[in-house]
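To start, the structure itself, in C-alpha cells.
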C-alpha cells in the first residue's frame, strides 16, 4: 500500500466539473493499492498518515502532524501509484489490486479515516478526477506499508 502525501494549503477534486471533495490546510493523500494489501495494512497506513510530522511547530520545524494542527485530509484513489516502471517505456499494472477488491479496500480505508479524523474529504473511486492543489513548501512524501 502506497500513499503519496502532499502538504497543502488547499486541495480539491472535481468529477465532470462538479466538486466532490475539498480541504483547506492539510494533506492530500493519493492512495495506491497493491495485490498484497489488506485491511490491516490500511490501518497501519492511516496510523502513519495521521501521525506523520510534516507541519511546522512554533520554531518552524516539521514536528506537527495533520492531527496536531486539526488539518483536513483529502483521500484520492491513485491507481497509477501501483505501476511498475522499472522496464521499458510503458508502465505495467500487474501488481495493482484488481478493481473490485481495490474499491472495497479504498472504501474501508475511507471509512476508517472518517472514524479517526474529524475533517475528511474524498475523491470518487474509479472516476476521471481532476485534482487541484497548492502544495505548501513544496512538501511531498511517499509512504509505504
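For the range 1-79, what proportion of DSSP beta bridges, expressed in % and rounded to the nearest 5, is antiparallel? Antiparallel bridges make up about 70 percent of those DSSP assigns within the range 1-79.
Subtracting the Cα-Cα distance of residue 111 and residue 132 from 0.36 nm times their residue separation leaves 5.2 nm of extension gain. Note on residue 15 and residue 57: their simple-model spin labels are 4.0 nm apart, each label 7 Å out from Cα toward Cβ.
Could you state the angle between the C-alpha long axis of helix 39-51 and the longest principal axis of the C-alpha atoms of the chain, as a value from 0 to 90 degrees rounded to the nearest 10? Relative to the chain, helix 39-51 is tipped by roughly 30 degrees.
Which residues does a label at residue 43 reach in the range 108-143, if reach means a backbone N under 12 Å from a point 7 Å past the Cα toward the Cβ? Within reach of a label on residue 43: 112. From the square roots a ≥ b ≥ c of the eigenvalues of the alpha-carbon gyration tensor of the range 70-145, which class results: rounded (a/c under 1.5), prolate (a/b over b/c), or oblate? Oblate.
The calculated 222 nm mean residue ellipticity attributable to helices in the chain amounts to -7000 deg cm²/dmol, summing -39500 (n - 2.57) over DSSP H runs of n ≥ 4 and dividing by all residues.
DSSP bridge analysis restricted to the chain gives an antiparallel fraction near 75%, rounded to the nearest 5. Within the range 16-46, list the residues whose amide N lies under 14 Å from a label point set 7 Å along Cα→Cβ of residue 94. So the set is 35.
Only the coordinates and a few stated rules stand behind these numbers; no lab work does. Treat the numbers as computed from the prediction; the structure is a model and nothing was measured. Note that each Cβ is placed from the backbone with ideal geometry, even for glycine, and that neighbours are counted across all protein chains shown.
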